[in-house]
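These notes concern the structure reproduced below.
The values are calculated or read from the model by the stated rules, or taken from the named source; none is laboratory data. This structure is a prediction, so every number in the text was calculated from the model and none was measured. Note: ideal-geometry Cβ built from the backbone for every residue, glycine included; neighbour counts use all protein chains shown.
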Amino acid sequence: MKKIIIPVLAVLSLSACSNTERGATIGAAGGAVIGGAATGNLRGAAVGAAVGGVSGALIGNVADRPGQCYYRDRYGNRYIDRC
């Protein structure tokens, strides 16, 4: 029974999140798994979770604005415009 309850609670908790929060959560979880598997230690999992969380949040943030993409100008400044 516990094997069913925990995933159901995880899915329900994500359903109340915005796309940015959902992307950060999924990115952090995926990054932790990949980082831990690639390095075999906790430090690699932590770095993977950090990188995955940031990239997932950026992707989720753009998902809130359909038809919009992130771009960088020649000075490195980030802006959002139509894709």
**Q.** Top-ranked residue in region 59-79 [being among the polar types (S, T, N, Q) and not in a helix (DSSP H, G or I); ranked as modelled with the highest pLDDT]
**A.** ASN77
Q.
Please pick out the residue among GLY52, GLY35, GLY56 that is in a helix (DSSP H, G or I), touching a helix residue (DSSP H, G or I) at 6+ places or on another chain (Cβ under 7 Å), at pLDDT 75 or above and within 19 Å of TYR79 (Cα to Cα).
A. GLY56
Q: Could you check how many residues of region 18-32 are in contact with a helix residue (DSSP H, G or I) (Cβ under 6 Å, 6 or more places away or on another chain), surrounded by fewer than 18 Cβ atoms within 10 Å (Cβ to Cβ) and at pLDDT 80 or above?
A: 1
Q. Give me the pairs: first residue in region 48-60 and at negative phi, second residue of a type in the set (Asp, Glu) and assigned to a helix (DSSP H, G or I), beta-carbon distance under 8 Å, and six or more apart or on different chains, which are they?
A. ALA57/GLU21; GLY60/GLU21
Q: Would you mention how many residues in region 33-45 are among the small types (Gly, Ala, Ser) and surrounded by 16 or more Cβ atoms within 10 Å (Cβ to Cβ)?
A: 4
